[in-house]
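Report on the structure given below.
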Amino acid sequence: MRIRLAIDIGGTFTDVVLDRGGERTSAKVLTTPSAPADAVLNGITGILEAAGLQPGDVDLILHGTTLATNAILERKGAVTALVTTEGFRDVLEIGYETRYDQYDLNIEKPKPLIPRRLRLTVPERIDVHGAVRLELDEVAVRALIAELDEAGVQSVAIGLLHSYANPDHEQRIAAIFAAERPALSLSLSSDVCPEIREYERLTTTAANAYVRPLMARYLGDLATRLEATGFHCPVLMMTSSGGLCTLKTAAELPIRLVESGPAGGAILAAGIAKDLDLARALSFDMGGTTAKICLLDGARPQMAREFEVDRSARHTKGSGLPLRIPVIEMVEIGAGGGSIARPNRMGGIQVGPDSAGSEPGPVAYGRGGTEPTVTDADVVLGRIPARGFAGGKLDLDRDAAAGALLQRIGNALGLDAVTAAVGTVEIVDETMANAARMHAAERGHATAERTLIAFGGAAPVHACRLAQKLGIGRLIVPLDAGVGSAVGFLQAPVSFERTHSLQMRLNALDVERVNALFAELRGEAVEVVAAGAPGVEPQEKRTAYMRYVGQGHEIPVDLPARALTPIDLDPLLASFEETYARLFRRFIPGADVEILSWGLSLTAPVRQSPTSTHEASTAREDVQPRTLQVVDLETSTAETVPVYDRQALRSGERIAGPALIAETHTTTHVLRGYTASLHPSGALLIEVR
Amino acid sequence: MPNDALADIRFQVMWNRLIAVVEEQAATLLRTAFSPIVRECGDLSAGVFDPQGRMLAQAVTGTPGHVNSMAAAVGHFLKAFPLDGMNEGDIFITNDPWMGTGHLNDFTLCTPCFHQGRIVALFACTSHLTDIGGVGVGPDGTDVHMEGLYIPLLKLADRGRMDLALLAMIRANTRQPVETEGDVYSLAACNDVGCTRLKEMLTEFGLDDLDAVGAFILERSEAAVRTAIAALPDDTWRYAMTVDGFDTPIELVATMRKAGGRIAVDYTGTSAQQAKGINVPATYTSAYTSFGLACALAPDVPNNAGSLGCYHVTAPLGSVLNAPYPAAVNARHIIGQMLPDMVFGCLHQVLPDRVPAEGASCLWNLTMRGRTDRAANAAHLFTITAVTNGGTGARPTKDGLSATAYPSGVKGTPVEINESVAPVLFWRKELRPDSGGSGRYRGGLGQSIEIESAIGADFELLAAFDRVRFPARGRAGGGDGAPGSVSLDDGTKLAAKGVQTIPAGRRLLIETPGGGGFGEPD
């Protein structure tokens, strides 16, 4: 029997899941920000003891962490310098030269991770073809060392113009620094992100450099302490792309770890999609501050090459730092249980994007919150039972929630508290539905005919209405949604992706050069994947990022996973045109096509345990469910609705909406017209009647 | 329970949906456009209109220059092609500067959207095409016909069939035929996407048309803006600003009158129309003036016929801000983008804590043209517009933004992308220290830029810059921003407007202007 541990360090809790051949137990311990390995060791030794196991029994540890993200958000990374091409000192600050809000005169732009005084330049210049236009001034490079010393720099990002086309100058700068100051942490843009577009490449490299000493320290500390505690198994790290990599890779490219928690959630959804054979799914993760939506096709999440971290303006697109890394593509909206509702100037209700968070939290929590939130609206509507919330730890104050809705919204707009609550819920659901629809449409997909997989504290409450708005007829609410990310880690493959810019016209494709590039990318990826999944033959995926000559956005087109030959060119053009037409309805006959970048990914599946089967009780006597008054969203009137206890549901039992299904950390609201039943996997299955 | 209240909530939901529909329309355009200034910079607009031609929603994605100029265009289409003659699959097109969005480079397309056999809405979109023939981008023309191909209000597609003769005419009249035709298709596709989504919305909400929700949107928006305006005292404010002009300075004079829930801005006293292409059609004057008012007074009210209808903008016919056909108007943005500063200059007198100091304001688009080794087309010619910016004016409580577009919403172009598209080599592009005006809050910084041919050839700069002679002024005691400058690395001063040759081996030096400061320095 294979014994595996999954650990997810979040901002508040560190979740630990122990998997014994598919049988799972979980624990939550408080995160210890000053020494995160403490919580990890605490959590795993506790869970092993409870299971009567020894550290030496564990075969594999899977780990994800928000430490890198938090270091960026809190600007607590290393003292980091940027070395760049003379004349381009401010690329990190100039950014896109745009405002993320057209009409707001008072916006603040994202603060670069590296301040101007630590942005240093050297004379050199490489052009778009990789040719040297100005030789690197090595004397100037050496002269920078005194500046680095004086500023106490621990980590250096080296990012020169067009280094993806020719990394020589970056490598020579790195060699000089490494020889003179071996302790400096060095991140080269030609390693971290060898792709065209200097702002994205340099920001990604700067972010990598910024978190690297911290992450290297943490991962080293963790490995040492695990070893000392008696763990001798491999440790694999969860990346933002939903794949696992070794500690060594994680320490070199820690920027790839930033979104590992949400990626775990998407992998969980992918596992469910696979188990239930769902060709097309949509995962919906709604927590306290944001909602995240991800499309899954063939049980695989959609992938992207860019992610924005540290959105300074309340989750507004464009207000953060762009990172060019392989990432599970999710749309994130400032819509969570804690999102604040208020009247707007048009006599309507505005929900979010700001949130009351967990402190003070919604008014109903009675912890000093005064502004009505989505959760308050849900409580007033009766669909979050006021008694016994959070496993009985908290009773919710429905009257206070109603009072806040009336005072802050109802009085201004001439609504009673219940109608204000209906409005709040309708607006937030519509906002999420619009984001999901836009997200799907931008990729040439539809939302209808997908199965919605809902997890996160607030998602099961809102999932049914969201599904209605998206034309979705089937929903899944999985078990263990509270530790969903860590459970997802258990299902993740070992994988690694490389993307490299090499601009070429399709009709003048230098096949040999492309094949040589792929050989290089494959070599890099094989090394990483073989270390994490020794002896497993990885699956290979090759992608060309293509566009019509003159366009600015590339679309990914699949390539055969082998060397290209000239006869592949016609099928590749056809494949591009087909993909383009799917995305944009028509292609442009006769226009020249080019490839800007080439990507390769290797994926080695980790041996899977079967999904845990839920032992449903069959011996239970029929008991009348208790009932609650719940407001119907269509009519805004209260009606008597049965409340079921999820743990007591029996397989085969069918529950017709309207109904509530309560569990420790959330409630599923089954709307009229939908029927819920228990799937053998333990998940709740909700279908339109 | 009050059914009106519930109905209101349903209308709000539909309003949000309609905005989502036009955002998707805009996103489609952004992703499929060929013209770099559209796809990399968002120089576009998209909106949905009721059958009477009233705009109900406009994508926030886009540029203020199209704010209500595109909206007016739909009215012109409806006059030329009445609704009852329109068929499903028809598409209408123009680039008429006075009917559309102010210069020939902007193509506006309008598509009727049929649902259950009748027209429920019109979708319109506009984007900026890189080259439309003529003397090219810049103020060098002396009448509109020198500025390129002039397409009146025409039918582009009849019942789904594109007019191939018109497309051939367009291809033959641009230096970039493939891209230009591609952009026409991209515009058509984005209207199609909007219509498809609208029909889905009508079906989901069980509606036959947009009449009721349209009335709700217009009424609520107008009321919100009127309330915002009514909070100001009834009064009149004046502001004047001198800008560089083509070769002689231009005086801009605004008189803002506020009465009740209405604001009127009139530009009487402004200089007369100019010989070169920096003239502004009235529709574009109205766009940027309304945008400035919206930013200052009601930034959270979406654009539509109701909200925009509260602002009344006029300028004397024959002035530079209302130049009639056949005036040259290609670089109309140079002065048009100064108009929010005029609005703020007036409003500062009544809202001293709300509006910023003057900024660089007009884009510093580096449009370059020459021979290329990149096989861009049979003629081996390139045209490229590298979008760059100066600094914005300091805010009453914050510094100005460095190297940031305002009022334009376009994005700057990456140096590496510019160099991959055209044979140019940037030797410098960084912030220009101390270029922001001093004050309690400092103006945003401009940039220093150096460019040379990458193939040792001459190339042309199509200059269209301002704030070189007259910098952005500070407010409330703040200092002026640094003026911009255009020169060669051998010290030769270049003109800020007009086509000039950058000789092989020489570097073009550009200093973009800083924004004005706000408040007395501490």
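Just so it is clear, none of the values below were taken in a lab; they were calculated from the coordinates. Remember, predicted model here, so these are calculated numbers, not experimental data. Reconstructed Cβ throughout: ideal geometry from the backbone, glycine too, with neighbour counts over all protein chains shown.
Multiplying each eigenvalue of the alpha-carbon gyration tensor of region B:158-304 by 5 and taking the square root yields semi-axes of 37, 31, 10 Å, largest first, rounded to whole angstroms. The equivalent ellipsoid of the protein assembly as shown has semi-axes of 47, 39, 29 Å, largest first, where each one is the square root of 5 times an eigenvalue of the Cα gyration tensor. Taking the Cα centre of region B:108-229 as the origin, how large is its charge dipole in debye, to the nearest 20, when only Lys and Arg (+1) and Asp and Glu (-1) carry charge on their Cβ atoms? The calculation lands at about 200 debye.
A:N42 to B:A7: FRET efficiency via 1/(1 + (r/R0)^6), r the Cβ-Cβ distance, R0 51 Å, to the nearest 0.05? Don't skip to the end; give the middle numbers.
Values: r = 55 Å, r/R0 = 1.08.
With a Förster radius of 51 Å, E is 0.40.
Working note: Cα atoms of region B:255-374, range along each principal axis, descending, whole Å: 58, 32, 27. Using a simple spin-label model with pseudo-atoms 7 Å out from Cα toward Cβ, A:A574 and A:S34 lie 6.6 nm apart.
Note on B:R161, B:R354: ascending count of other Cβ atoms within 10 Å places them as B:R161, B:R354, the fewest first. Ellipsoid semi-axes for chain B, based on the Cα gyration tensor and the rule √(5λ), read 36, 30, 19 Å when sorted largest first.
Note on region B:395-522: Rg/Rh from C-alpha atoms, Kirkwood Rh, equals 1.03.
For the residue pairs A:K76/A:K111; A:K109/B:K398; A:K111/B:K398; A:K111/A:K248; A:K109/A:K317, alpha carbon separations beyond 19 Å are given by A:K111/A:K248. Relative contact order of region B:372-522: 29 percent, from C-alpha pairs under 8 Å at least 6 residues apart in sequence. Peptide packing: for A:255-263, B:398-406, A:502-510, A:293-301, the average count of neighbouring Cβ atoms within 10 Å per residue gives the ranking A:255-263, B:398-406, A:293-301, A:502-510, highest mean first. Shape of region B:5-122 from the C-alpha gyration tensor: oblate (a/c of 1.5 or more and a/b not above b/c, with a ≥ b ≥ c the square roots of its eigenvalues). By the rule of a C-alpha distance below 19 Å, with chain neighbours fewer than 8 residues away ignored, the aspartates and glutamates paired with B:K258 are B:E222, B:D234, B:D235, B:D266, B:D341, B:D353. Quick one: Debye curve from the alpha-carbon atoms of chain A only, equal weights, vacuum; give me log10 I(q)/I(0) at q = 0.06, 0.09, 0.10, 0.11 Å⁻¹ to two decimals. Rounded to two decimals, the profile gives -0.37, -0.83, -1.02, -1.21. For region B:298-409, averaging the sequence separation of C-alpha pairs within contact (under 8 Å, six or more residues apart) and dividing by the residue count gives a relative contact order of 21 percent. With kT/(6 pi eta Rh) evaluated at 25 °C and eta = 0.890 mPa s, and Rh the Kirkwood radius from Cα pairs, region A:69-202 diffuses with a coefficient of 157 µm²/s according to Stokes-Einstein. Site pair A:R562 and A:S651 shows an inter-label distance of 4.4 nm when each label is modelled 7 Å from Cα along Cα→Cβ. Applying 0.36 nm per residue to the separation of A:A140 and A:D221 and subtracting their alpha-carbon distance, the gain on full extension is 25.5 nm. The modelled label-to-label distance between B:K398 and B:A230, using points 7 Å beyond Cα along the C-beta direction, is 3.1 nm.
Let me know the Kirkwood hydrodynamic radius for region A:178-226, please, with Cα pairs as the basis and the value in Å to one decimal.
Result for region A:178-226, one decimal place: 12.2 Å.
Applying a DSSP loop filter and a limit of 16 other Cβ atoms within 10 Å to the trypsin sites (Lys or Arg not before Pro) in region A:54-98 leaves A:R75, A:K76.
Given +1 on the Cβ of Lys and Arg, -1 on the Cβ of Asp and Glu, and no further charges, what dipole in debye does chain A carry about its Cα centre, rounded to the nearest 20?
On the way: 68 positive and 85 negative charges, 165 e Å.
Rounded to the nearest 20 debye, it is 800 debye.
For region A:452-601, rounded, prolate or oblate, judged on the Cα gyration tensor with a ≥ b ≥ c (square roots of eigenvalues), a/c < 1.5 rounded, else prolate if a/b > b/c?
Working: a/c = 3.26, a/b = 1.43, b/c = 2.28.
Note, shape of region A:452-601 comes out oblate.
Cross-link partners among lysines for B:K493, C-alpha distance below 24 Å, same-chain residues fewer than 8 apart left out? Within the straight-line cut-off, B:K493 pairs with B:K276, B:K429.
Restricting attention to the protein assembly as shown, close to 80% of DSSP beta bridges with both partner residues there are antiparallel.
At a 10 Å Cβ-Cβ cut-off, how would you order B:I278, A:I661, A:I145, fewest neighbours first? Spell out each step's value before the answer.
Working: B:I278 30, A:I661 24, A:I145 15.
So the residues, fewest neighbours to most, are A:I145, A:I661, B:I278.
The aspartates and glutamates within cross-link reach of A:K541, meaning a Cα-to-Cα straight distance under 13 Å and a gap of 8 or more places when in the same chain, are A:E497, A:D558.
Once you order the gyration tensor axes a ≥ b ≥ c over the Cα atoms, which shape class does region A:1-73 get: rounded for a/c under 1.5, otherwise prolate or oblate by comparing a/b with b/c?
On the way: a/c = 2.40, a/b = 1.98, b/c = 1.21.
The shape class here is prolate.
Calculated translational diffusion coefficient of region B:304-455 (25 °C, 0.890 mPa s; Stokes-Einstein with Kirkwood radius over alpha-carbon pairs) equals 136 µm²/s.
If you take the Cα atoms of region A:242-364, find Rg, then find the Kirkwood Rh from the mean of 1/r over all pairs, what is Rg/Rh? Numbers along the way, then the final one.
Details: Rg = 16.7 Å, Rh = 16.1 Å.
Using Cα coordinates only, the ratio equals 1.04.
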